[in-house]
1. Please determine, in degrees from 0 to 90 and to the nearest 10, the orientation of helix 260-272 with respect to the longest principal axis defined by the Cα atoms of the chain, where the helix direction is its Cα long axis.
2. Of the peptides 296-306, 267-277, 39-49, how do they stack up when ordered by the mean number of other Cβ atoms within 10 Å, highest first?
3. To the nearest 10 degrees, how steeply does helix 92-102 sit against the main Cα axis of the chain, on a 0 to 90 scale?
4. Would you report the distance distribution of C-alpha pairs in region 234-310 as whole percents per 5 angstrom bin, up to the bin with the largest distance?
5. In debye to the nearest 20, how big a dipole does the chain give about its Cα centre with +1 on each Lys and Arg Cβ and -1 on each Asp and Glu Cβ?
6. Sorting Leu78, Leu132 by accessible area (1.4 Å probe), largest first, what list results?
7. Measuring with a 1.4 Å probe in the full set of protein chains, what accessible area per residue, in whole Å², belongs to region 214-274?
8. Give the separation of the Cα centroids, region 44-100 to region 273-302, in Å.
Amino acid sequence: MLFRLPFRLRRAPLLLAAALSLAAFRADDPRDPGRVEHLADFPSKFVKPRHVDVWLPADYPRPGRRYAVLYLHDGQNLFHPASSYGGVAWEVDSTLARLQQRGAVRPDVIVVGVWNTDRRFHEYCPAKPYQLLSAARKTQLAQEGLLPDAPQSDEYLRFLVQELKPYVNGHYQTDKRRQSTFIGGSSMGGLISLYAAVEYPKVFGGAACLSTHWPLSLQDNTPDFTNACLRYLDEHLPAKNPRPRLYFDFGTATLDARYEQHQRRIDSLLQAKGYTGRDWLTRKYEGAAHSEASWKKRFEVPARFLLKVK
């Protein structure tokens, strides 16, 4: 029997621009920390156009300062409830502003929120691990309606690395170095964040993977895709620097209840590869569900891990 919440995984939140004036819900509240710049229908030769939001802290721009960049998937869920799935936003801006005031994270950070599209599952499913699945498993996923055709994640990452990142670097005061460039997301967004960090270790210095959806399927909880990910990571995870810093977490309710057995196997591989607490963290959250509300509550943990003050 399926949970109701997982439907989020194959259904992108409605793009409310079709029903509302974009300016109406994108206008920043005067009480919001910093400001969000909305880039509508950002074009790409690799994937479908999509909206992109860029959060700039209140002191941006400061002369001579270069800002670290955190790229986050499912960008419509990050800042404003009106555009978020279920009406709950992560409130990334408020969280980072609070942590910056406490000196818990570096003060020079901007966030790029990349909205999803109706191709979300295709774009977020790591292609190379997927290719390691058996033909029967691929057929089963196709019959489930999740992946009727091949993943488009390699193209999505090319969009991020070859198109969006150069634009951001060209229009904002960014620190272009890998040690100041990070990526993150939840559920399928956790999978694509890990994939991005491994495929582009010279671009991304770390990844935050919240409630990573290891089973891939919504109908069963087999180890097939985790096995494929383990094979992929064993072959592709950098053996030495530059190697990405990695954050993982999972809850114990709703869809998250399936994840621990998979995450522990990934953790074992990381330990075997020499990962330690300095560059890797996995957290378990008792009672936490697979929801934007849960990720909102604990976003500050991966933020502290990736964006700590040096």
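The values are calculated or read from the model by the stated rules, or taken from the named source; none is laboratory data. These numbers come from a predicted model, not from an experiment. Methodologically, a virtual Cβ is constructed for each residue, glycine included, from the backbone with ideal geometry; neighbour enumeration extends over all protein chains shown. Side chains are part of the model used for accessible areas, which takes the heavy atoms of the whole protein and leaves out ligands, DNA and RNA. Shrake-Rupley method; radii C 1.70, N 1.55, O 1.52, S 1.80 Å.
1. The two axes meet at around 80 degrees.
2. Result, highest mean first: 296-306, 39-49, 267-277.
3. Here the helix axis deviates by roughly 70 degrees.
4. 3, 14, 23, 21, 19, 13, 6, 1
5. The dipole of the chain has a size of about 880 debye.
6. Leu132, Leu78
7. 40
8. 19
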